[in-house]
Amino acid sequence: MDKFFKISERGSNVRTEIIAGLTTFFAMAYIIIVNPNQIVGFSFDVPGISQIWNAVYVATIVASVIGTMLFALYAKLPFAQSCGMGLNSFFFTSFVLPQVISGGDTIKGYQAGLVIILISGIIFLLLSVTGARSYIAKAMPDCIKKAIPAGIGLFIAFIGFQNVGIIQANQYTLVQFVKINGVAWKDLAAPIIALLGFVIIAILSKLKVKGAVLIGILATSVIYYLATWTLPSFDLGNITAPFKDFAEIGITGVFQADSWKNAFDPAFVGGIFSAIMLIVTFCLVDMFDTVGTLYGTASEADMLDENGDPIDIDKAMACDSIATVAGSVCGTSTVTTFVESASGVAAGGRTGLASVVTSLCFAICLFLAPFASIIPSAATAPALIFVGVLMLKNFSKVDMQDMLSAVPAFLTLIMMPLTYSIANGIGIGSIAYTLIAIFTGKYGKKDIAVTIIALLFVCKFIFGAI
């Protein structure tokens, strides 16, 4: 096992890899419930929606197991995959919501969407096999490469703050800090305990305690249940319904002739042009979400080559594209490399063994869903926020004296959390770099790739934004 995963070679050990795998799982376990919720848009009173929810629930776990195990056994990297946030919401608004509004067939809309995802996944795979995806990644300007990990760090931290209610919506300023004065303890418990958990992880890390993140998650979980005087709930319910709907409308969706016809039908996707733009959009976002995550987590794990690119990036890209194809066949939206993988890396994960552990944890949830809900969001949020702290250090490597470097890097950094998209951050940074390079006479042949990226994102922003 040590030889296969290169555990000793990468300066790790089995215990650390197991802890890292568990840490990654607990940080991203929310996707098991959140993904089906996002794809149905909480429209549970609409015919067909409950069946879609059940099918997507099972598909999410199966796709996560397949995608993460690919990273474990093929790329041998400590990264995990599951259904991309943002992309699942876009799936809902593109394929399910129109049917909900029009009173149409939501199941057929859902299955038409799976065909679009399958086609985009096949394109991903072809780009990966030819090496085009890794070429595009490696051709990005150095300033953007360095800004990506920091931007992802801010994005991850924002997700953590938001998930637990530390940062809340405000109708005047868009966001605000959690209101404390005059608020009942039951509404304050999660954000207050999450902040305490963050401090615990920081202290343990400062003391160089191995597995500080995982220990922090477990300790915060105990504090949460004691402070709220509650116990974890284990509502097993009807555990057969999800498997039944998964078999009937999920995994069979892309194999039905009607699904392919509906994927280009104006009644379901707005016509052939709309279908093409949807395919391009899903391709674009998944590609750069993955590129961004790989650069960010690989940088944190010190797994970059001499050119500052992730090791085995071709294999990593292939894992991502195969997982997207597998996810569409199973019945869920685009599968991508998860930014929460950085939490496992922060816990010491350096090999595919960590991904094996994460994948097995997902597999367990297939038959025991409540296992994923044992750890409350108040305990996982501190881990995400702490990872943001660790990843922000990468921005110090950006040359802030040169505006050709500083401005694109800053936009890449800030636009990820502000637009809730890794891909948007990369796209806006690429557009800025291209324009500044052209109008300052610094444009060269090496900038052709980033120019293409910029043009693609301009088209994405004009014809369909996520």
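The values are calculated or read from the model by the stated rules, or taken from the named source; none is laboratory data. Since we're looking at a predicted model, the values are computed, not measured. Cβ atoms come from the backbone with ideal geometry, glycine included; neighbour counts cover every protein chain shown.
Do we have any residue at all in the range 438-451 that's within 25 Å of the chain's Cα centre (by Cα), more than 19 Å from THR290 (Cα to Cα) and in contact (Cβ under 8 Å) with a residue 12 or more places away in the chain? No; the residues of the range 438-451 include none that is within 25 Å of the chain's Cα centre (by Cα), more than 19 Å from THR290 (Cα to Cα) and in contact (Cβ under 8 Å) with a residue 12 or more places away in the chain. Is it fair to say GLY349 is crowded, with 24+ Cβ neighbours inside 10 Å, at pLDDT 90 or above and touching a helix residue (DSSP H, G or I) at 6+ places or on another chain (Cβ under 8 Å)? Yes; evaluated as a whole, the condition is true for this residue. For GLU340, are the conditions met, namely being among the charged types (D, E, K, R) and crowded, with 18+ Cβ neighbours inside 10 Å? Yes: the conditions hold for GLU340.
Kindly provide the set of residues from the range 138-156 that are surrounded by fewer than 24 Cβ atoms within 10 Å (Cβ to Cβ) and within 18 Å of the chain's Cα centre (by Cα), ordered by number. Passing the criteria: only LEU154.
When you check VAL325 against the structure, is it over 18 Å from the mean Cα position of the chain (by Cα), under 20 Å from THR60 (Cα atoms) and part of a helix (DSSP H, G or I), yes or no? It is false that VAL325 is over 18 Å from the mean Cα position of the chain (by Cα), under 20 Å from THR60 (Cα atoms) and part of a helix (DSSP H, G or I).
For the range 411-426, the set of residues classified as surrounded by 20 or more Cβ atoms within 10 Å (Cβ to Cβ) and either modelled with pLDDT of 90 or more or under 18 Å from ASN394 (Cβ atoms) (or both) consists of LEU411, THR412, LEU413, MET415, MET416, PRO417, ILE422, GLY425, ILE426, listed by residue number. Of the residues that make up the range 246-267, is at least one of a type in the set (Lys, Arg), modelled with pLDDT of 85 or more, closer than 30 Å to LEU118 by Cβ and in a helix (DSSP H, G or I)? Taking every residue of the range 246-267 in turn, at least one turns out to be of a type in the set (Lys, Arg), modelled with pLDDT of 85 or more, closer than 30 Å to LEU118 by Cβ and in a helix (DSSP H, G or I). Meeting the requirement of 3 or more residues that are within 14 Å of the chain's Cα centre (by Cα) and at pLDDT 90 or above, the helices (runs of 4 or more DSSP H) wholly within the range 1-103 are 49-70. Just one of the listed residues (VAL356, VAL398, VAL387) is crowded, with 21+ Cβ neighbours inside 10 Å, touching a residue at least 24 places away in the same chain (Cβ under 8 Å), touching a Cys at 6+ places or on another chain (Cβ under 6 Å) and not aromatic (Phe, Trp, Tyr), and it is VAL398.
Given the options ALA267, ALA316, ALA298, name the one that is hydrophobic (A, V, I, L, M, F, W, C) and farther than 25 Å from VAL65 by Cα.
Selected residue: ALA267, the only one of ALA267, ALA316, ALA298 that is hydrophobic (A, V, I, L, M, F, W, C) and farther than 25 Å from VAL65 by Cα.
The one condition from (1) within 30 Å of GLY48 (Cα to Cα); (2) at pLDDT below 90 that ILE119 does not meet is (2). Within the range 4-43, restricting attention to residues that are under 30 Å from ILE101 (Cα atoms) and among the hydrophobic types (A, V, I, L, M, F, W, C), the residue that is surrounded by the most Cβ atoms within 10 Å (Cβ to Cβ) is ILE39. Checking the condition closer than 25 Å to THR358 by Cβ, in contact with a helix residue (DSSP H, G or I) (Cβ under 8 Å, 6 or more places away or on another chain) and crowded, with 24+ Cβ neighbours inside 10 Å, which residue from GLY113, GLY84, GLY109 passes? Sole residue among the options that is closer than 25 Å to THR358 by Cβ, in contact with a helix residue (DSSP H, G or I) (Cβ under 8 Å, 6 or more places away or on another chain) and crowded, with 24+ Cβ neighbours inside 10 Å: GLY84.
Scoring LYS315 on the criteria (1) surrounded by 21 or more Cβ atoms within 10 Å (Cβ to Cβ); (2) of a type in the set (Lys, Arg); (3) assigned to a helix (DSSP H, G or I) leaves a single failure, condition (1). The residues in the range 380-427 that are among the hydrophobic types (A, V, I, L, M, F, W, C) and over 19 Å from the mean Cα position of the chain (by Cα) can be counted, and the count is 10. Whenever a residue of the range 278-302 is in contact (Cβ under 8 Å) with a residue 40 or more places away in the chain and within 15 Å of LYS315 (Cα to Cα), its partners that are of a type in the set (Asp, Glu) and in a helix (DSSP H, G or I), lying with C-beta atoms within less than 6 angstrom and at least six residues away or across chains, give the pairs THR290/ASP320.
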